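One structure is given below, encoded as structure tokens.
The values are calculated or read from the model by the stated rules, or taken from the named source; none is laboratory data. Fair warning: this is a prediction, and the values are worked out from it, not measured in the lab. Reconstructed Cβ throughout: ideal geometry from the backbone, glycine too, with neighbour counts over all protein chains shown. The protein model used for the area step is the full one, side chains on, heavy atoms only, and it has no ligands, DNA or RNA in it. Shrake-Rupley method; radii C 1.70, N 1.55, O 1.52, S 1.80 Å.
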Amino acid sequence: MSSTRKNNDDPWSSSDEDDDSDDENVELDAETPFYSICTYCNSDAPKFDTLALALEYDVTNYGFDLLGSGALVSSNDEDDFFEGAIVLINKCRQFVKDNQVKFSGIELGQELNNYLKGHKVDDDGDAQYYKPVLDDDSMLMCIDELCELKRQTEQESQADTSAAGNNKSDPESDDKMEKLQAKISMLEEQLSRAKGYIAALANDDDDDDNSMSDDSRSGDDGDKKQASSAKQTNKKPDNDTYYFSSYSHTGIHETMLRDTVRTAAYEEAILSNADSLFRDKVVLDIGCGTGVLSLFCAKAGAKQVIAVDNSDIIKQAREIVELNGYSHVVTCVRGKCEDLIANNALPLNGKTVDIIVSEWMGYALFFETMLPSVMVARDALMTPETGSMFPNVAKIFIEGCNETERLDYWNDVHGLNMAPMKERMVSELTQDAHVEIVSDENIVTDRKEIITFDLNTCKDADLDFEVPFDLHLRDDDKSRNELQIHSLVISFDIDFAVPNTKSVQFSTGCQSTPTHWKQTQLWFDPVHNCPVLNREAGDSMKGVFRMKRNVKNHRAIDMSVVWEVGREAGSGWER
């Protein structure tokens, strides 16, 4: 089987352009890290790439919030703020330096909070604090950024106060507002999910020269055919910022929590294995969102749970943990997992983790490409031999779909023949992969497992793959002898199957209760060129399925299929 592509240098690539970076406006030396207030004088003090991460570390591990401290003047007067912030930072660092032997952890943070209660702006004794306590202190070099973070904190506080005041207003108005906000959140979530798929439609026509071929061609013998490639792309070379910010919307978390197949499977897998797997263990939850999985682990008796998320939903996660009485077990940390590990910024104190819990799956399993981040944590932090990912097995499946009724609809629309719309619809469907709930009634082939991933051992390179497949018509419906395959449907199954524990599994296949992942469809062209299987002739559809991360946006994926129809004969395979 052969495959014709327009980009011969890199057949997987949706673009061969380099990602140019402009470093001309960088003000700080890239090697000058940020140190948190409470840890800067420790010999193994964690280093942070950003001011926000350093401040967040103090909040999470010491209960000290510089931004929320009443000692830090308002951001409204930038001149007063600038001088006050310099004094306050140096004053805090000096206190930590003088008291690090007497206090540690939360106690140090509490003592620092108490010390600052007596802090007064323009105190005559503060002149000494205009001199840096820490040489090359990046915090002092970024007072303008600190001012902006303070301003954001003040705006959030004002919004919370306003919301609290509104809650005392007319109950009927509140109810209407709540419903409107819920609707907006759901729409935002749908938009967040959809953007990754529809962004490619905005590309200029000349981008096609760098894409996988969308042509459907016949081979020399007229029987070998190639399906259009189904790709999901994003115009931006890297979309981490958009990816993490999309998880700041309430709607996306509500959708995931309301997915009872997903949430109930995690709950059962964790709680039913409390004694065999979780009790007295150290757990890392990556991409914790609202903290629901972390709380399940805490309920199952985990000794320590570290909940990590790089979106600002971590604020609500921290409040939810506190509200449910598990703040002594669950610690919420904001940051990108790889950065937190590199900067030794997780509260592990040299320990490893026994279990890594994460709900990293995306459409077609790998869309959003979160698994590599989880694998970094696995390789760096998970206890060798006895540690485990949870879930620990993922499988991808493929099956054939026929949607004749969808096509025939255009033949008679309220007594009108709109057949020309078929061409338009097919042209749109074959451009990209589509995420839809596909009815099992439209599935006409068997569902075949094409690849399995052992999440405890798989490597990053394994996530870009090509595998063969072989599909036959289903045996449970023999009413039609010849059937077109209009699309291939991709789904996945997830297993919580650690040895010597209770096994739990869920499926996103068409035969199971629909999940928020739905299924991913790769459409052929049913008007001009699609597979046709004849039951009496014993036809099957053989091919190769390929999946790889998009080169312009690593959180998107490219997929393509090459295929042929034939049958087993006495002399072997014949077309």
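Ranked from the most accessible area to the least, with a 1.4 Å probe and all protein chains present, what is the order of K91, K131?
K131, K91
Taking amide H atoms as placed 1.01 Å from N in the peptide plane, the amide H of F545 lies under 5 Å from those of V467, F469, each 5 or more residues away in sequence or on another chain. For the stretch 358-463, the alpha carbon convex hull comes to 130 Å³ per residue, rounded to a whole number.
Out of every Cα-Cα pair in the stretch 309-401, what percent are more than 22 Å apart?
Numbers: 1677 of 4278 pairs.
In whole percent, the share of Cα-Cα pairs in the stretch 309-401 beyond 22 Å is 39.
The 3J(HN,Hα) values that the Karplus relation (6.51, -1.76, 1.60; θ = phi - 60°) gives for the stretch 459-467 are, in residue order, 9, 4, 5, 5, 7, 9, 8, 9, 9 Hz. Gly and Pro appear as x. Charged neighbours of K303, selected by a Cβ distance under 15 Å, balance to 0 (K, R count +1; D, E count -1).
Amide H to amide H distances under 5 Å link N550 with A556, I557, D558, where only residues 5 or more positions off or on other chains count and H is placed in the peptide plane. For a label point 7 angstrom out from the Cα of A497 toward its Cβ, which stretches of the stretch 384-411 have the backbone nitrogen within less than 11 Å? Once the point is set 7 Å along Cα→Cβ of A497, 392-395 turn out to lie under 11 Å by backbone N, inside the stretch 384-411. Residue separation of A537 and N349 scaled by 0.36 nm, minus their Cα-Cα distance, works out to 61.1 nm of gained length. Summing Lys and Arg as +1 and Asp and Glu as -1 over all other residues whose Cβ lies under 12 Å from the Cβ of I313 gives a net charge of -1.
Applying 0.36 nm per residue to the separation of E568 and V544 and subtracting their alpha-carbon distance, the gain on full extension is 6.9 nm. Rounded, prolate or oblate for the stretch 427-575? Axes are the square roots of the Cα gyration tensor eigenvalues, ordered a ≥ b ≥ c, and the cut-off for rounded is a/c under 1.5. Because a/c hits 1.5 or more and a/b exceeds b/c, the stretch 427-575 counts as prolate. Ranking of Y35, Y40 by solvent-accessible surface, largest first: Y35, Y40 (1.4 Å probe, protein heavy atoms only, all chains present). A probe of 1.4 angstrom, applied to the heavy atoms of all protein chains, finds R334 with accessible area near 90 square angstrom. I want to make sure I understand the PRE zone here: with the label point 7 angstrom from the Cα of E254 toward its beta carbon, which residues in the stretch 283-307 have backbone N atoms less than 16 Å away? Hits in the stretch 283-307 for E254 at 16 Å: 290.
How many Å² of accessible area per residue for the stretch 310-466, probe 1.4 Å?
That works out to 45 Å² per residue.
Computed from the C-beta positions of E441 and A461 and an R0 of 41 Å, the FRET efficiency is 0.60 to the nearest 0.05.
Hey, with R₀ at 22 Å, roughly what FRET efficiency would Y130 and Q110 work out to, going by the Cβ-Cβ distance, to 0.05? The pair Y130/Q110 has a calculated efficiency of 0.20. Ligands, DNA and RNA aside, V532 has an accessible area near 60 Å² when probed at 1.4 Å.
Accessible area of S294 (1.4 Å probe, protein heavy atoms only, ligands and nucleic acids ignored): about 0 Å².
Under a 5 Å amide H cut-off, with hydrogens placed 1.01 Å from N, C332 pairs with A307 among residues at least 5 apart or on other chains.
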